[in-house]
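Enquirer: Have a look at this one.
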Amino acid sequence: MGVPQIKFGTEGWRGVIADDFTVANVRLVTHAIARHLLDARPPGEGVLVAYDCRAQSEVFAQAAAEVLSHHGFPVWLTPKPVSSPAAAYGVIKNHLQGAVMFTASHNPPIFHGIKFKPHYGGAALTDITANIEKHLNDLMADYTRYTEPVETRTFIRTMDPVPDYLEHVHQFIRIDELHEAPFRVVTDAMHGSGAGYLKSLISRLGIEVHALREERNPYFGGVNPEPIADNLKELIHAVRHLKAHIGIAIDGDGDRVGAVDEHGNFVDSHRIFAITLRHLVERRGWRGGVVKTFSVSQMIDRLCEHYGLPLSVTPIGFKFIVEKMLQEDILMGGEESGGIGITRYMVERDGVMMGMLLLEAMATSGKSLSELVESVFEITGPYFYHRIDAHFERSQMPELRERLKDLTLERVLDVPVAKRDTLDGIKHILEDGTWLLLRASGTEPVVRIYAEAQTPDAARHLAEEGHHILKRLIGA
């Protein structure tokens, strides 16, 4: 058996179950995490090992717990699947050195992954993942030794971080303004590890709630557990059928959010980010810097200009937002894929908390979700977003990545290009203010195409043109 190539992406390592993501390789990576902790000596004592609803999660988590125990760490193992934000809060609440979280987030069910959550409870910063990779590369020289079973040296205990986590969310929300609000809410856990969380929080407030896709299903019902419109047809149907006021969806490990308004229209993360920013400034009176990743809507730029808030733009990956949250006075930050975080709550994205904040925004403003979207447009003007995940063969990806580096367009759909930005991927900003971003995934044979324009059709046409451009690059 050859030595595998294991690379950490924006936050952790992901691989295909039973191909490269195996128990043996999980042991290897956990040895590297343990060595990082022994080297860095972060504050706290002990490590939490948690996992989501994917296939083999318990097996991988047990193997990691044994390796950490072998290195002498006090180890706590969750007794059931938990969300990534619940694991992160478990680290903070119990003053641990970190958590090893087994999840591939919103990726297809064939994938699994490891995220390391440091002592501050957020995404691991680049220097931390780089140090883990350094130790991983050192261990590769004795691959067989570090992939074999180990003897435990400390007792592996059980910890369920969910009750404390749910109480933390409950206390963050303005309970009095939401108590017995006349809402009918539909929630969608997408068969993920955040199942039951929203239902518990909402029903506790005396609000009517109907929960979908709460049962564990490692295949996620045949769709990727990402809260985007194409994957939420069941939620959209339920909102319309039940005449609900809102539908709230969270992804496979509960850290991303999507929503459906009272008319059954999908409300993407850009609008949720904008609605929440406006709510925190106008209703809660909070101030601070705002951080968005490279693929997020210009609505956030316009809102920051309107309220006089400093705005930072980072590469794609929530760890870059966390870095700003830890170093600067940041109010909130968000990414295109539904991950949004608020520093006063936790330096971590959380789909459950964001769903509850949407309910708070509706209750305190007296507006429906669609009206909240329109109230943002009154400030920013209309913005519409479209994304295409263009799938290619793995063998085609190296050539595509190389060709994308040099891609320079003078016009797109007959509109001159005003600016080319290569912060993360290739973004062409056109003279009419619209933009097109092409970015190759680091974990999948996918190039993601992002586009924004002033109408839905214009955004769709722009994204489709991006797909045509990719095909021409490889002669397809």
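Rule-based calculations on the coordinates, nothing more; no lab input. No experiment lies behind these values; they were computed from the predicted model shown. Using ideal geometry, Cβ is built from the backbone for each residue, glycine included, and neighbour counts are taken over all protein chains shown.
Enquirer: Where in region 64-98 is the amide nitrogen less than 11 Å from a point lying 7 Å along the Cα-to-Cβ axis of Asp160?
Expert: Zone members listed by number: 79-81.
Enquirer: Between Asp138 and Lys80, what is the FRET efficiency for a Förster distance of 41 Å, r being their Cβ-Cβ separation, to the nearest 0.05?
Expert: For R0 = 41 Å, the calculated efficiency reads 0.75.
Enquirer: Would you mind pulling out the separation of the Cα centroids of region 365-413 and region 175-198, in Å?
Expert: 29 Å
Enquirer: Past 22 Å, Cα to Cα, is the threshold; run Lys233/Lys367; Lys292/Lys427; Lys115/Lys319; Lys324/Lys419; Lys405/Lys427; Lys93/Lys292 against it and keep the listed order.
Expert: Violating the 22 Å Cα-Cα cut-off are Lys233/Lys367; Lys324/Lys419; Lys93/Lys292.
Enquirer: From the phi angles alone, apply the Karplus equation (6.51, -1.76, 1.60; θ = phi - 60°) to region 44-50 and give each ³J(HN,Hα) in whole Hz, x where the residue is Gly or Pro.
Expert: Going residue by residue, I get x, 9, x, 9, 9, 10, 10 Hz, with x marking Gly and Pro.
Enquirer: So, one more: What is the distance in Å between the Cα centroid of region 1-75 and that of region 321-359?
Expert: Region 1-75 and region 321-359 have Cα centres spaced 26 Å from each other.
Enquirer: What do you get for chymotrypsin sites (Phe, Trp or Tyr not before Pro) in region 158-241 restricted to DSSP loop and a cutoff of at most 14 other Cβ within 10 Å of the site's Cβ?
Expert: Answer in residue order: Tyr219.
Enquirer: Continuing with the same structure: Multiply the residue separation of His391 and Tyr219 by 0.36 nm, subtract the distance between their alpha-carbon atoms, and state the gained length in nm to one decimal.
Expert: 60.0 nm
Enquirer: Given points 7 Å out from each Cα along the Cα-Cβ axis, report the Phe377 to Leu407 separation in nanometres with one decimal.
Expert: It works out to 2.9 nm between the two label points.
Enquirer: Could you pull out the GluC sites (Glu not before Pro) across region 1-76 that fall in loop regions by DSSP (anything but H, G, I, E, B) with no more than 14 other Cβ atoms inside 10 Å?
Expert: Glu45
Enquirer: Report ³J(HN,Hα) in whole Hz for each residue of region 226-243, in order, from the Karplus equation J = 6.51 cos²θ - 1.76 cosθ + 1.60 where θ = phi - 60°; Gly and Pro get x.
Expert: Result, rounded to whole Hz: 10, x, 10, 3, 4, 9, 10, 4, 5, 5, 4, 4, 5, 4, 5, 5, 8, 6.
Enquirer: Continuing with this model, one more query. From the backbone phi of region 109-118, what are the Karplus-calculated ³J(HN,Hα) couplings (6.51 cos²θ - 1.76 cosθ + 1.60, θ = phi - 60°) in whole Hz, Gly and Pro given as x?
Expert: x, 6, 9, 9, x, 10, 10, 9, 9, x
Enquirer: Can I ask one more? Counting only other residues whose beta carbon sits under 14 Å from that of Asp127, what net charge do I get with K and R as +1, D and E as -1?
Expert: So the surrounding residues net to -2.
Enquirer: Around Ala55, which amide H atoms from residues at least 5 apart in sequence, or from another chain, sit under 5 Å from its own amide H, with H modelled in the peptide plane?
Expert: Hits under the 5 Å cutoff: none.
Enquirer: Treating cross-link reach as a plain straight distance, find the aspartates and glutamates whose alpha-carbon is under 12 Å from the alpha-carbon of Lys117, omitting any fewer than eight places away in the same chain.
Expert: Partners within reach: Glu11, Glu348.
Enquirer: Which part of region 308-351 falls in the paramagnetic zone of Thr126, meaning amide N under 12 Å from the point 7 Å along Cα-to-beta-carbon?
Expert: Inside the label zone: 314-317, 319-321, 323-324.
Enquirer: Calculate, for Lys243 and Tyr307, the FRET efficiency according to 1/(1 + (r/R0)^6) with r their C-beta to C-beta distance and R0 41 Å; round to the nearest 0.05.
Expert: So, using R0 = 41 Å, E works out to roughly 0.75.
Enquirer: Still on this structure, please answer the following. Report the local net charge at Cys53: Lys and Arg +1, Asp and Glu -1, summed over other residues whose C-beta lies under 13 Å from its C-beta.
Expert: That sum, taken over residues with Cβ under 13 Å, equals -2.
Enquirer: Is there a quick way to get the dipole size of region 12-160? I mean about its Cα centre, with the Cβ of Lys and Arg at +1 and of Asp and Glu at -1; what is the value in debye to the nearest 20?
Expert: It comes to approximately 320 debye.
Enquirer: Here is a further query. Lys and Arg at +1, Asp and Glu at -1: add these up for the other residues within a Cβ distance under 15 Å of Ala211 and post the number.
Expert: Charge balance in the 15 Å sphere: 0.
Enquirer: How many nm is it between the label spots at His170 and Arg184, if each spot is 7 Å from the Cα in line with the beta carbon?
Expert: 2.6 nm
Enquirer: Turning to a different aspect of this structure: Going 7 Å from the Cα of Asn94 along its beta-carbon direction, which residues of region 25-69 have the amide nitrogen within less than 12 Å of the resulting point?
Expert: 45-51
Enquirer: Please work out the Cα center distance from region 421-465 to region 219-290, rounded to the nearest Å.
Expert: Answer, in whole Å: 22.
Enquirer: While we're on this one: I need the shape label for region 384-473. Rule: rounded when a/c is under 1.5, else prolate if a/b > b/c, else oblate, with a, b, c from the alpha carbon gyration tensor.
Expert: Note, shape of region 384-473 comes out prolate.
Enquirer: Aspartates and glutamates near Lys134 by alpha-carbon distance under 12 Å, same-chain residues fewer than 8 away left out - which ones?
Expert: Asp39
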